[in-house]
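The values are calculated or read from the model by the stated rules, or taken from the named source; none is laboratory data. Everything numeric here is computed off the predicted structure, so don't read it as measured data. Positions of Cβ are backbone-derived with ideal geometry, glycine not excepted, and every protein chain shown enters the neighbour counts.
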Amino acid sequence: MKAVFYTRYGSPDVLELKEIDRPVPLDDEVLVKVHAASVNAYDWHFLTADIFLVRLASGGLLGPKVPLLGADIAGTIEQVGKSITQLQPGDEVFGFSRRSTGGFAEYVCALEKSLVKKPANLSFEEAAAVPMAALTALQGLRDKGQIQPGKKVLINGASGGVGTFAVQLAKSYGAEVTAVCSTRNVEIARSLGADFVIDYTKEDFTKSGQRYDLILAVNGYHPIAAYQRALAPGGAYVMAGGAPAQMFQALALGSWMSRSEGKKMGSISATVNQADLAVLKELLETGKVRPVIDRRFPLSEAREALRYLGAGHAQGKVVINVA
């Protein structure tokens, strides 16, 4: 089968499309014929190792221990392991690949608990755009941010993969949503249901005097102290990606700020679970949430897909067509 392969950290130029053996599912896994996959900042970090902790987390200090990329997948089940009870060959599914069999490939193995059936009203491309970005938004708002109806919620970085889902999810919870994005993305944010849109090229929301009950910062580059000032008493700041400096601040200072100011300061990294994928499936089926896809690339142009994502200007999700 064809798969995107890399043996050293670096720019997208290190990626190669190679023929490798088709993976074999374990007893608690299924084999999925991949129709589409999507690209996340997660893939960029594992490709470039721009955050040193990635090397520690992946077990590859000098080079990638797992030479494959791609977490988000959508496709058709080809084979099931002996312990599988919910899924069967022919089922159309979306979710997460097993880390050692990356989704930028024609076939992947996945745990049954990391997949759900694809909504009938979504294409494979749309379904592949959902898992990691939407789970990050859902868990950041609901679990870390304790979102409630009527609360003032600000999404910083509202036009990217996580941000476009976060705006819609916050609205589905009945919150008053302010979206922060660049000039060219203002209309996208409005179309997703944002009550207010701030163009960060014209206004710094951390200096406006407005206070928010919950701030979800997606690739937001303000210092953590600036976010703290923009929080209402008892409010919560949740970081979902950003520059290494902001990640370090959140880890090093977040717990101290929470104790000293009574404002919760923390970060979110999506936890894969079938129950939350099922929540997203229902929201997608009812039309309360829809994926926003910026660009599509064939598997042979995976380098270009990663390069485009790495430039930091994607409006919504970047998808790779595999089938």
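The table below gives the values:
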read-out: Filtered residue count, segment 110-133, keeping only those that are surrounded by fewer than 20 Cβ atoms within 10 Å (Cβ to Cβ) and of a type in the set (A, V, I, L, M, F, W, C); value: 2
read-out: Pairs, first closer than 18 Å to ARG211 by Cα in segment 144-163, second aromatic (Phe, Trp, Tyr), C-beta under 7 Å, six or more apart; value: ILE147/TYR173; PRO149/TYR173; LYS152/TYR212; VAL153/TYR212; LEU154/PHE205; LEU154/TYR212
read-out: Residues that are assigned to a loop (DSSP other than H, G, I, E, B), of a type outside the set (Gly, Ala, Ser) and more than 27 Å from LEU17 (Cβ to Cβ), drawn from segment 105-121; value: PRO119, ASN121
read-out: Subset of segment 265-298 [β-branched (Val, Ile, Thr), touching a residue at least 12 places away in the same chain (Cβ under 8 Å) and not in a helix (DSSP H, G or I)]; value: ILE268, THR271, VAL272, VAL289, VAL292, ILE293
read-out: Close pairs (9 angstrom Cβ cut-off, 6 or more residues apart or separate chains): more than 21 Å from PHE124 (Cα to Cα) and surrounded by 18 or more Cβ atoms within 10 Å (Cβ to Cβ) in segment 300-323, modelled with pLDDT under 95 and polar (S, T, N, Q) anywhere; value: GLY310/THR48
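So that you can scan it fast, the table gives a plain yes or no per residue for (1) buried (at least 24 other Cβ atoms within 10 Å of the Cβ); (2) in contact with a strand residue (DSSP E or B) (Cβ under 9 Å, 6 or more places away or on another chain); (3) in a loop (DSSP other than H, G, I, E, B):
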{"residue": "LYS65", "(1), (2), (3)": "no, no, yes"}
{"residue": "ILE73", "(1), (2), (3)": "yes, yes, no"}
{"residue": "ILE77", "(1), (2), (3)": "no, yes, no"}
{"residue": "THR85", "(1), (2), (3)": "no, no, yes"}
{"residue": "GLN88", "(1), (2), (3)": "no, yes, yes"}
{"residue": "PHE94", "(1), (2), (3)": "yes, yes, no"}
{"residue": "ARG98", "(1), (2), (3)": "no, yes, yes"}
{"residue": "GLY103", "(1), (2), (3)": "yes, yes, yes"}
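Listed here are the residues, each with its yes/no results for (1) within 28 Å of PRO12 (Cβ to Cβ); (2) in contact with a helix residue (DSSP H, G or I) (Cβ under 6 Å, 6 or more places away or on another chain); (3) charged (D, E, K, R).
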residue	(1), (2), (3)
THR286	no, no, no
PRO298	yes, no, no
GLU304	yes, no, yes
HIS313	yes, no, no
